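*Asks:* Questions regarding the structure given below will be posed in turn.
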Amino acid sequence: MDLIELKIEKSIFGGLGLSHYKGMAVLVEGAVTGDIIKAEIIKKNKNYLSAKIKEIIVPSNKRTKPFCPLYGACGGCGMQFVEYDFLIKEKENILFEIFSSFSELKIKPFVKSPKTLNYRCKTQYPVTQTKNSKRLLIGYYKKNSHDITNIKFCPVQPSVIDEITEFIRNNWNLGAYIEKTHKGLLRHINTRISTNDNSILLTFVLNADEKEYKKIKNEITDFSNLLMNNFPLVKGVFVNLNNEKTNKITGEKTVLIKGEKYIIQNLKSYSYKMGPLSFFQINPYLAEILFEKAKNLISKKGSLLDLYGGVGAIGIFMNDVADKITLVEENSEAVSFAYENYKLNNIKNHEIYEGKAENIINNFIKEKRYFENIIIDPPRKGSDNRTLECISKMTNSIIYISCNPMTLKRDAGFLIEKGFKFKTLEGFDMFPYTHHIECLAHFERENG
Ligand SMILES: C[S@@+](CC[C@H](N)C(=O)[O-])C[C@H]1O[C@@H](n2cnc3c(N)ncnc32)[C@H](O)[C@@H]1O
C-alpha cells in the first residue's frame, strides 16, 4: 500500500495522534503532536482512517527516550515516548476538547502524579510456560495480544515485586497455564503492596476446581512457606480458583493459605485494611490529592452516600464533612473490609448495603431518602440511567469520580437533563505515562 505523509496536529483520547488526509481524519497510534511521519492506512472506518507509522521523518520536539527497557515489548505505559510535562498538557487539552460542549463548565488545571515511578500498589501478571523447557513466563501481555512479555524489571512498581516474581519464576514447579489448551495450573499472580511499610499480599490464581486444589494444597502451602521465609514483607498468601475459559482474571473462590488476610494502607490520617482482591486506588500518592480535592467540593456538611464505595476509602476520607455515611458496594470482600475500616477509623455513624447500586438505590427512592452529598465512583463503563435518575432525586450535590472521561461525559449529559449544573471538572494523572485520565466532577442542582 502507498505511504502517506502526515503532520500530527494534536493528541486525542486513547493515546492517538490526529492528522488529516484529503479532508479525512487520520488516527495514528504512537504518534505525538508535531511529528511528521510516513504512515500506512491500515483501516478505513466510516468517519476516519486508522494509520500506522512506517517512518518518522521529523520527530516532534516533545518526544523523549522511553525509560523502560521493555517499552514497546510490554503492553503497559504506552506514552513513555512523550515528555511528562507535555503529556500532562496534552491530557488537559483532551479533557477541554471532550467536554467543550458543556459551555458553563469550569475545567481546572490538570493535576500531575507526585510520583511517576514505583507508584503502583497492585500488579496482576498473567503466567504461562514455554513449550519445551517449561520455563515460566510472567509479565504483562504484549499490546493487542495474549503473548506474555517476561518482565524482570518494571519501573512503575516497587522493585520488591520484581524480586518476588523472579523467585516464583525460578522456584515454582507445579506448572503454568497454557491459554490455547486451557491446561496447566498457575494462570495469574496478583500482588498488592502498601506504601506504608511495603507489606504485601500475594494471590496465586489457579486453573483448578476445589477438588483439584485439595490434591495440591500441601505443595502450595509448602511453596507459600518458602516464599514468605524468603520475603518477610509478604504478609499473606492466597489462592484464587479460576478454571473458566475466560478473560476474567479471578474466579469466585479465594482462600488464605498463610499469614494475614489484609494489609493496611494509609491515606493522610486515615487507615484502610485492603484484602487481596477488593478494589483500592492503584496510585495511593495521587489518591490522597484526589480525595482531598473531592472533600473540598463539599460546602454543606450532612449525610453522605458513598456509591460504588469499595472498602469505604472515599467515604471515610470525607468523615469530617459528613454526619452520617451510607456505603453501597456489590463486592462482598470489599464490604467486609468496609465494616472493618469504619471501625479502624472510629466512624460510628455509618450504614453499609451490599449489592448492586441500581437495586439498592431503587429501594432508597421508595423510602424517600435524601443525602446532602452523593459521591459516586463507578467502574470504567460508568453508571447507568436508572441509578443516575434515582440519585438525581435524592440530592442537590453529586461528586463524580471517573476513570473514563467518555462515560463521564455521557453520564454528565444525563444529569444535566435531570436539572443539574455541571460546576467543575478536574483531571488527574492516576496512571502516569499511560493515556488514561482520572476525573473529578461536581454537579449541583440549579436552585438547589
Ligand atoms: C472504581 S471502584 C471505586 C471504589 C472506591 N470508591 C474507592 O475509591 O476505593 C468501583 C467499585 O464499584 C464496585 N461496583 C461495580 N459495579 C457495581 C454495581 N453495579 N453496584 C455496586 N458496586 C459496584 C466495584 O466492586 C468497585 O469496588
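What follows draws every value from the coordinates through simple rules; no lab data is involved. Nothing here was measured: the structure is a model prediction, and the numbers come from that model. Backbone-built Cβ (ideal geometry, glycine too); neighbour counts: all protein chains shown.
*Asks:* Can you give the convex hull volume per residue for the Cα atoms of the range 108-213, as a whole number of Å³?
*Replies:* Given the Cα convex hull of the range 108-213, per-residue volume reads 150 Å³.
*Asks:* For the chain, calculate the relative contact order in percent as a whole number, restricting contacts to Cα pairs under 8 Å that are 6 or more residues apart.
*Replies:* Reported relative contact order: 12 percent.
*Asks:* At a 10 angstrom cut-off on C-beta neighbours, averaged per residue, how do the peptides 116-123, 299-306, 360-367, 372-379 rank from highest to lowest?
*Replies:* 372-379, 116-123, 299-306, 360-367
*Asks:* Then there's this: Which semi-axis lengths, in whole Å and largest first, follow from the square roots of five times the eigenvalues of the Cα gyration tensor of the chain?
*Replies:* 35, 34, 19
*Asks:* Separation between the Ala73 and Lys46 pseudo-spin-labels, each 7 Å from Cα along Cα→Cβ, expressed in nm?
*Replies:* So the label points at Ala73 and Lys46 sit 4.1 nm apart.
*Asks:* To continue, here is another question. Give me the one-decimal nm value for the distance between modelled label points at Lys356 and Phe414, 7 Å along each residue's Cα-to-Cβ direction.
*Replies:* Label at Lys356, label at Phe414, 1.3 nm between them.
*Asks:* Dipole magnitude of the range 226-365 about its Cα centre, charges +1 at Lys/Arg Cβ and -1 at Asp/Glu Cβ only, in debye to the nearest 20?
*Replies:* Charge dipole of the range 226-365: 260 debye, to the nearest 20.
*Asks:* Another question, then. Above 23 Å lies some portion of the pair distances; for the range 334-448, what is it as a whole percent of all C-alpha pairs?
*Replies:* Of the Cα pairs, 37 percent sit more than 23 Å apart.
*Asks:* Would you mind putting 153-162, 74-83 in packing order, based on average other-beta-carbon counts within 10 Å, highest first?
*Replies:* So the order, starting with the most tightly packed, is 74-83, 153-162.
*Asks:* Hey, another quick one. Could you compute the net charge surrounding Val311? Neighbours are other residues with a C-beta less than 10 Å from the C-beta of Val311; K and R count +1, D and E count -1.
*Replies:* Summing Lys/Arg as +1 and Asp/Glu as -1 gives -2.
*Asks:* Here's something else I'd like to know. Please rank Leu49, Leu344, fewest neighbouring Cβ atoms within 10 Å first, as an exposure proxy.
*Replies:* If I rank by nearby Cβ atoms, fewest first, I get Leu344, Leu49.
*Asks:* Between Asn93 and Glu210, 0.36 nm times their residue separation minus their Cα-Cα distance comes to what?
*Replies:* Full extension of this stretch gives 37.0 nm more.
*Asks:* On to the next question. Under unit Cβ charges (Lys, Arg +1; Asp, Glu -1), what dipole magnitude, rounded to 20 debye, does the chain have relative to its Cα centre?
*Replies:* 680 debye
*Asks:* For each pair in Lys7/Lys44; Lys324/Lys366; Lys115/Lys152; Lys217/Lys261; Lys46/Lys356; Lys268/Lys381, compute the distance between the two Cα atoms and list the pairs where it is over 25 Å.
*Replies:* Lys46/Lys356; Lys268/Lys381
*Asks:* Pairs Lys293/Lys423; Lys43/Lys89; Lys183/Lys248: which exceed 18 Å Cα-Cα?
*Replies:* Result: Lys43/Lys89 exceed 18 Å.
*Asks:* Next question, about the same structure. Run through every distinct alpha carbon pair of the range 3-63 and return the Kirkwood hydrodynamic radius in angstroms, one decimal place.
*Replies:* It works out to 11.1 Å.
*Asks:* Let me know the whole percent of all Cα-Cα pairs from the range 208-299 that are separated by more than 18 Å.
*Replies:* Roughly 61 percent, rounded to a whole number.
*Asks:* Another one. Take the Cα radius of gyration of the range 55-162 and divide it by 2.2 N^0.38 Å, with N its residue count; two decimals is plenty.
*Replies:* 1.38
*Asks:* Note down the relative contact order for the range 122-265 as a percent, whole number, built from C-alpha pairs under 8 angstrom at least six residues apart.
*Replies:* About 19 percent, as a whole number.
*Asks:* Please report the net charge: other residues with Cβ closer than 15 Å to the Cβ of Tyr177, K and R +1, D and E -1.
*Replies:* Residues close to Tyr177 contribute a combined charge of +4.
*Asks:* Percent relative contact order of the range 7-156, based on C-alpha pairs within less than 8 angstrom and at least six residues apart?
*Replies:* For the range 7-156, the relative contact order is 15 percent.
*Asks:* Under the rule of -39500 (n - 2.57) per DSSP H run of 4 or more residues, summed and divided by the residues of the chain, what mean residue ellipticity at 222 nm is obtained, to the nearest 500 deg cm²/dmol?
*Replies:* -7500 deg cm²/dmol
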